[in-house]
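The values are calculated or read from the model by the stated rules, or taken from the named source; none is laboratory data. The model shown is predicted, which means the values in this text are computed figures rather than measured ones. Positions of Cβ are backbone-derived with ideal geometry, glycine not excepted, and every protein chain shown enters the neighbour counts. Please note that ligands, DNA and RNA were not included when accessible areas were found on the heavy atoms of the full protein model with its side chains. Shrake-Rupley method; radii C 1.70, N 1.55, O 1.52, S 1.80 Å.
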Amino acid sequence: MEPRYVRHLAGYASQHDLRVLEGAGHLPMLGRPRELADTIRPWLDQIAPPRPTPVEP
């Protein structure tokens, strides 16, 4: 989707935080997974704090 359309749609959410991964294309999870994870992790931590890692018995 063109960035200008994404910006337009993001404007409908009062607390949007639009980030653009330049050159990532439509599938950043395949082409730039680390950069995508680094970008969305802080947001995920805000809405759902990290759970403790389960301990194997």
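Per-structure values
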read-out: Residue in the range 34-41 that is of a type in the set (Gly, Ala, Ser) and at pLDDT 90 or above present; value: yes
read-out: Checking residue 29 against (1) part of a helix (DSSP H, G or I); (2) open to solvent by less than 100 Å² (accessible area, probe 1.4 Å); (3) in contact with a helix residue (DSSP H, G or I) (Cβ under 8 Å, 6 or more places away or on another chain), the condition it does not meet; value: (2)
read-out: Tally of residues being open to solvent by 100 Å² or more (accessible area, probe 1.4 Å) and over 17 Å from residue 39 (Cα atoms) across the range 8-23; value: 3
read-out: Residues (open to solvent by 90 Å² or more (accessible area, probe 1.4 Å) and assigned to a helix (DSSP H, G or I)) located in the range 39-57; value: 41, 43, 46, 47
read-out: Conditions (1) of a type outside the set (Asp, Glu); (2) without any contact (Cβ under 8 Å) to a residue 12 or more places away in the chain; (3) open to solvent by less than 100 Å² (accessible area, probe 1.4 Å); number of the one not met by residue 36; value: (2)
